1. For residue 76, state whether it is at pLDDT below 95 and either surrounded by 12 or more Cβ atoms within 10 Å (Cβ to Cβ) or among the acidic types (Asp, Glu) (or both).
2. Can residue 30 be described as more than 16 Å from the chain's Cα centre (by Cα), charged (D, E, K, R) and modelled with pLDDT of 85 or more?
3. If only one of 51, 124 is in a helix (DSSP H, G or I), modelled with pLDDT of 85 or more, more than 10 Å from the chain's Cα centre (by Cα) and of a type in the set (Lys, Arg), which one is it?
4. If you take the residues in region 1-27 that are among the aliphatic types (A, V, I, L, M) and more than 30 Å from residue 98 (Cβ to Cβ), which one is modelled with the lowest pLDDT?
Amino acid sequence: MFGNRVLCLFVLLSGAILCVQSASVMIGLRVQAYLDQMKGNESRGLENGGRTIGQWERGLIFLFVMVNIPSAVGFLVTAKSIFRFGELTNSHNRKEAEYITIGTLMSFGIAFAVSLATRFVITRLYRP
């Protein structure tokens with residue numbers, strides 16, 4: 001029984017690291033081509049702001065799925081949509097808005113997939 005708890009903790013930590021840190025690398029590599037298209041746009045914001053925001057979002061999604069309230073992710077989507085609405089309506093920021101949307105969708109998709117897989121493995125391993 002003690003061995004299963006340790007294994008579950010290992011799976012939980014591995015899932016969190018994969019969801020929050022490793023996904024940043026995967027998303028960064030995938031959206032690099034889009035970022036290259038926006039060269040010369042000086043209004044990019046903080047240097048690693050998007051990466052940090054994405055890590056926090058994925059961390060919250062992971063937490064929400066692990067504690068079995070995935071519906072709370074809807075609040076993250078709503079909040080991000082409200083903050084980004086101005087960029088989507090301003091046509092000269094279209095490339096940046098599309099870049100952000102692509103990254104966000106990838107981020108949320110990866111976070112849900114990793115979180116659900118982690119939860120599935122833990123429920124199969126842990127049987128009190």
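1. For residue 76, the condition - at pLDDT below 95 and either surrounded by 12 or more Cβ atoms within 10 Å (Cβ to Cβ) or among the acidic types (Asp, Glu) (or both) - is met.
2. Taking the combined requirement at face value, the residue does not satisfy it.
3. The unique qualifying residue is 124.
4. 1
The values are calculated or read from the model by the stated rules, or taken from the named source; none is laboratory data. What you see is a predicted model; the values in this text were computed from it and never measured. As a convention, Cβ positions derive from the backbone with ideal geometry for all residues, glycine included, and neighbour counts pool all protein chains shown.
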